[in-house]
Amino acid sequence: MIHLQNIEKVYRTSTIETLALNNINLNIRKGEFVSIMGPSGCGKSTLLNVMGLLDEPSKGTVEIDGQAVTQYRDKELAQLRNQKIGFIFQSFHLINDLSVLDNVEIPLLYRSANGRPRQEYAKDALMKVGLSNRMKHFPKQLSGGQKQRVAIARAIVGNPDIILADEPTGNLDSAMGNEIMNILQQLNNDGATIVMVTHDEQMAKRTHRLVRLFDGTQVL
Amino acid sequence: MMLQHLFKLIWNKKKTHMLLIVEIWASFMVLFGLATLIVVNVGNYREPLGFSYERVWAIGLNTNQDTTELADKVQRIVQRLNTYPEVESVSRMSSNFPFSANQMNNGIEYNKRHVLADHYVTDENFAKTLEMPVVAGKWYRHTDSVGKYWPIVINQKAKEGLFGDENALGKVVGERLKVVGVVDNFKAKGEFMSNKPAYFELVNAKDSWNNTMLIRVKPGTDAVFEAKVVKDIATMVKGWSVEVDYQTDSRKNQHNLVLVPVIIASIISGFLLINVSLGLFGVLNLSIAKRRGEIGLRRAIGATGSGIASQFIGEIWVLATLAMLIGLLFAAQFPILNVFDLQAGVYITAILIAIAVIYGIVTLCALFPSRQAALIQPAVALHEE
């Protein structure tokens, strides 16, 4: 599903050069649930960004579903992200001025989906995360766990093959974290390929495979 | 779809955007006012003046303390002026000569149709002196004053007001004014004057007033001749004062009376719009800085860089549209209530100009910030919060 080959990511400023990822080779199969762990600053999020086509590697190739994306232009990358990938972030990234339902609808706007079906898909996604009774609420009226569930609904509304979750339980207490993890596992059981960055060993243990990074290098 | 989304986004933040909306609304109203002023004046300017003013001088005579044989003296002056080889034509008229500050108007009526018209008293050489084409009938002569009717010539506007499509010639206006001719336009205050109804009445040779002489001089006639004329008249009529106005200069003065307020209004409006633009630019820059997370998220879920730029331009367009819809409620009252007796088309044109300028300004203000937004790296923006 996701194939990374010889990935290297270097951040350059006028004075220093930082090697964030060094020779990463990773193959994530369809339907896998993979967690990425490592100390802060080891390149976990950078790796997730490279997988999610949000950041270009300095070297190496990225293949999504068999397509090499290195030469893709902005429009093609955006289209691929929209159709193949769902993102979940630690800080939710909900738009506070839009209702829960409107937030969940956003990925479909970039597919030019019509109003009525768009709403129906968003309602279905909210139902899957158990938030169908909060559709008209605004993010500020929700708890952290509920916000993350909205973010998951937004990630799955377009029915993507891949879900990339960057510390999805990082801002939640353990009960809420477990709830979110249960939802992710359910999505994985339904066929989604999930890659999750986490600091939590317990959460990582619930995934199929663990990838460990240290100083930008894959150690496991 | 995206438009609906933007409307929702703006509507849900309406309190935050209220000041911005008021600012754009106020700019729209100012632009509407200025555009109305400009449209009216441009519209007037495009209407022909109706006469020729080059090489025409207005000689104003003031009798001062003199009260004897005034009519005869005026007649002698007319005759004297006619004898100069430098003079092509002389006409005697009332003090409201072209481009002067004086104005006379009268209500005239025909078959219960009432028209308020500018009133000029002139002699038979007026049309010739000002090279005014007569479009129907003829310019009056002294012989037309025989009988109980007094000849008048009306302009096209007065003809439309009094007679509509009917033939005006031979019709009697009021009790004693008989129409003998129709001229096209007569915009005595210059090109920026609206083309108003006007009528010209034959001067009575026995009048001791209506002492302005219009003379058309030959090309090349200069101030030396002006001095000679003033001196000659002063010799003929002791104690009278003589003042010569070149019609070209008087026309410039009349134009300035119109243009100066328009220029001042334009400068003030320009400053206001520059302030509004800078304000908008600052607010948009700040808004983009505050919404980096949202920009990152949108990029992550499918927006292209140009899509982000379009979104920010779209948002300001939505805001401008809301502000202008409120502005339209006010602006629409002007044609509906006929506030300044202007044609609805003037207001509609002014509204369209104001709308175009506002959209232009907000687009310009949003262009740079939205381009900056498009350049934001999603991976960086998403990890800033």
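The values are calculated or read from the model by the stated rules, or taken from the named source; none is laboratory data. The model shown is predicted, which means the values in this text are computed figures rather than measured ones. FYI the Cβ positions are ideal-geometry reconstructions off the backbone, even for glycines, and counts take in every protein chain you see.
I'd like the residue in region A:80-113 that is more than 7 Å from chain B (Cβ to nearest Cβ) and without any contact (Cβ under 8 Å) to a residue 40 or more places away in the chain and, out of all such residues, is nearest to residue B:304 (Cα to Cα).
The residue in question is A:80.
Please enumerate the residues belonging to region A:159-195 that are within 14 Å of chain B (Cβ to nearest Cβ), over 19 Å from residue A:210 (Cβ atoms) and modelled with pLDDT under 90.
Correct list: A:159, A:171.
If you check B:307, B:302, which single one turns out to be at the interface with another protein chain (Cβ under 10 Å from one of its Cβ atoms), at positive phi and not hydroxyl-bearing (Ser, Thr, Tyr)?
The match here is B:302.
Any residue at all in region A:73-93 that is part of a loop (DSSP other than H, G, I, E, B), farther than 12 Å from residue A:157 by Cβ, at pLDDT 90 or above and of a type in the set (Gly, Ala, Ser)?
Looking through region A:73-93, none of the residues is part of a loop (DSSP other than H, G, I, E, B), farther than 12 Å from residue A:157 by Cβ, at pLDDT 90 or above and of a type in the set (Gly, Ala, Ser).
Anything in region A:160-174 that is in contact (Cβ under 8 Å) with a residue 12 or more places away in the chain and not acidic (Asp, Glu)? List them, or say none.
Those that are in contact (Cβ under 8 Å) with a residue 12 or more places away in the chain and not acidic (Asp, Glu): A:160, A:162, A:163, A:164, A:165, A:168, A:169, A:170, A:171, A:172.
Report, by residue number, each residue of region A:131-155 that is touching a residue at least 24 places away in the same chain (Cβ under 8 Å) and more than 22 Å from residue B:381 (Cα to Cα).
A:131, A:134, A:135, A:136, A:137, A:138, A:142, A:143, A:145
Restricting to region A:159-181, what's the tally of residues that are in contact with a strand residue (DSSP E or B) (Cβ under 7 Å, 6 or more places away or on another chain) and crowded, with 20+ Cβ neighbours inside 10 Å?
Final tally of qualifying residues: 8.
Taking the stated definitions as given, is residue A:122 buried (at least 21 other Cβ atoms within 10 Å of the Cβ), within 12 Å of chain B (Cβ to nearest Cβ) and not in a loop (DSSP other than H, G, I, E, B)? Even if it seems obvious, please write down each step before you answer.
On the way: buried (at least 21 other Cβ atoms within 10 Å of the Cβ): yes; within 12 Å of chain B (Cβ to nearest Cβ): no; not in a loop (DSSP other than H, G, I, E, B): yes.
Considered against the rule, which asks whether it is buried (at least 21 other Cβ atoms within 10 Å of the Cβ), within 12 Å of chain B (Cβ to nearest Cβ) and not in a loop (DSSP other than H, G, I, E, B), residue A:122 comes out as no.
Could you please find all residues in region B:214-258 being more than 21 Å from residue B:54 (Cα to Cα) and either among the hydroxyl-bearing types (Ser, Thr, Tyr) or surrounded by fewer than 18 Cβ atoms within 10 Å (Cβ to Cβ) (or both)?
Residues satisfying the conditions are B:231, B:232, B:234, B:235, B:236, B:238, B:239, B:241.
Looking at region B:266-287, is at least one residue within 14 Å of chain A (Cβ to nearest Cβ) and under 30 Å from residue A:162 (Cβ atoms)?
no
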